[in-house]
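Here the structure is laid out as structure tokens; the discussion comes afterwards.
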Amino acid sequence: MGDLSAAPLLVRALRGEPVERTPVWFMRQAGRSLPEYKEVRKQGSLLEICHRPELAAEVTLQPVRRHGVDAAILFSDIVTPLDAIGFGVEVKAGVGPVVADPIRSHADLARLRDFEPDEDMPALRKTIELIVAELGPQGIPLIGFAGAPFTLASYLVEGGPSKQQSLTKAMMLADPELFEALLRRLSAIAVASLRTQVDAGAQVVQVFDSWIGTLSRDQYRRFVLPVMTDLFTELKDLGVPRTIFGVGTGHLLDLLAETGADCVGIDWRIDLRDARALVPDRCTLQGNLDPSVMLAPQSVIETEVRRVLDSAPDQGHVFNLGHGVLPETPPEVPGEIVRLVREHTAKKSLA
Ligand code: CP3
């Protein structure tokens, strides 16, 4: 346990300050890969758990206890706020979010009303308060998160998961005005959710734009960057580090930084040295072990963890995966990686 008056290790690293060792956590560290999650899950669906503070807090804390990670991430989903405003979304295990009545026209936008967390989903604040009461004394921060407008729009327009987001991109190109209006509504929902999460005690926020990598640079600049820049501006006064993450974004990294985010999540396809050259120095980097490595033998894991650490900048790096923990990951592996990262980076003395 460190000096409790100081900001948590993760927060200091995200600010780009020199740190005593590299912090480590894993996207999707809670949930599917943990037997103790599957046990809790017997009590209700994913969305039902999100509305029950004791259960949601318990599931959030499970990976902290088991793996010893340097942060918790709120147990929720990117579509939880849409469910809470009664939009009509279901999260199917093994599939993902499914929408029975997709968005196809201006008239459909009216169904996306504002999200008022304390009224629509009182469990959000309550869950965070329970988590922070437990983690605060340990100096471990909670990461709040939301889905980014483009990635959420892709589920709402396609009606479910899709490989290429073709209907979404067709709408973007054919009716940019409708598309922007859709993104702006989703941005307002994300901002409302994140502001409440920080108000309730989250010390870091991450915006998941998982499927943004399907856009070209030109498309990102024209159709998404203005909305994302406003989104990050609206979070600035919260005073917490703000991370943007997407998959397959090697060609977009400088533009992701242009949103104003403080940290850019890097997937496994690009070397962190190349990422560092593309992302301005004011941004820190998070990533980027290939999640498949967690399924490999111990010797391979050690080599690959070392490879990521060797490619990482000396300052301003948070160790993570390049995408989420895979459901088939053996539950003891993330904890082993935490220990490896600690061993290999603890040498970074501040003296
Ligand atoms: O694991 C965690 O960190 C817990 C919280 C969390 C969930 N979803 C719970 C969940 C987080 C951070 C998310 C984010 C999320 N959800 C993203 C962004 C991150 C990413 O992986 O790219 C996206 C795109 C979604 C949408 C979504 N929800 C998908 C693609 C799936 C996968 C379907 C599956 O089962 O593999 C879900 C379902 C989901 N979200 C589950 C959990 C624990 C599993 C299903 C269940 O338990 O019912």
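The values are calculated or read from the model by the stated rules, or taken from the named source; none is laboratory data. These numbers were taken from a predicted model, which means no experiment stands behind them. Here Cβ is always computed from backbone atoms with ideal geometry, including for glycine, and neighbour counts include all displayed protein chains. With ligands, DNA and RNA removed, areas are computed over all heavy atoms of the protein, side chains included. Shrake-Rupley method; radii C 1.70, N 1.55, O 1.52, S 1.80 Å.
Over 28 Å apart at the Cα level, from the set K38/K126; K42/K126; K126/K236; K92/K169; K92/K126; K42/K163, are K42/K163.
For region 159-187 and region 7-35, write down the distance between their C-alpha centroids in whole Å. The two parts, judged by their Cα centres, are 32 Å apart. Against the empirical curve 2.2 N^0.38 Å, the C-alpha radius of gyration of the chain lands at a ratio of 0.94.
Accessible surface computed residue by residue for the chain, with neighbouring protein chains in place and a 1.4 Å probe, gives 40 Å² per residue. Surface composition of the chain: carbon plus sulfur atoms contribute 51% of the solvent-accessible area (1.4 Å probe, protein chains only, all chains present).
Based on every Cα atom in region 1-136, Rg and the maximum pairwise Cα distance Dmax equal 17.4, 54 Å. For H251, H67, the ranking by accessible surface with the largest value first comes to H251, H67, using a 1.4 Å probe. With a 1.4 Å probe rolled over the protein heavy atoms of all chains, the accessible area of R185, R15, R242 falls in the order R15, R185, R242, largest first.
What is the sum of charges, Lys and Arg at +1 and Asp and Glu at -1, for the other residues whose Cβ falls under 10 Å from the Cβ of V325?
Counting the neighbours of V325, the net charge comes to +1.
If the viscosity is 0.692 mPa s and the temperature 37 °C, what Stokes-Einstein diffusion coefficient in µm²/s follows for region 109-236 when Rh is the Kirkwood radius over Cα pairs? The Stokes-Einstein estimate is 209 µm²/s.
The helix-based estimate of mean residue ellipticity at 222 nm for the chain, built from -39,500 (n - 2.57) per DSSP H run of four or more residues and divided by its residue count, is -13000 deg cm²/dmol to the nearest 500. Secondary structure note: in the chain, about 15% of the DSSP beta bridges are antiparallel.
Take the Kirkwood radius over Cα pairs of region 1-56, plug it into Stokes-Einstein at 37 °C and 0.692 mPa s, and you get 234 µm²/s for translational diffusion. Convex hull volume of the Cα atoms of region 249-351, normalised per residue: 102 Å³.
The GluC sites (Glu not before Pro) of region 281-351 meeting both criteria, a DSSP state outside H, G, I, E and B (loop) and at most 16 other C-beta atoms within 10 angstrom of the site's C-beta, are E328, E332.
Mind pulling the per residue volume of the convex hull built on the Cα atoms of region 211-299? Å³ is fine.
108 Å³
Quick check: net charge around R307, other residues with Cβ under 13 Å of its Cβ, Lys/Arg +1 and Asp/Glu -1? That sum, taken over residues with Cβ under 13 Å, equals -3.
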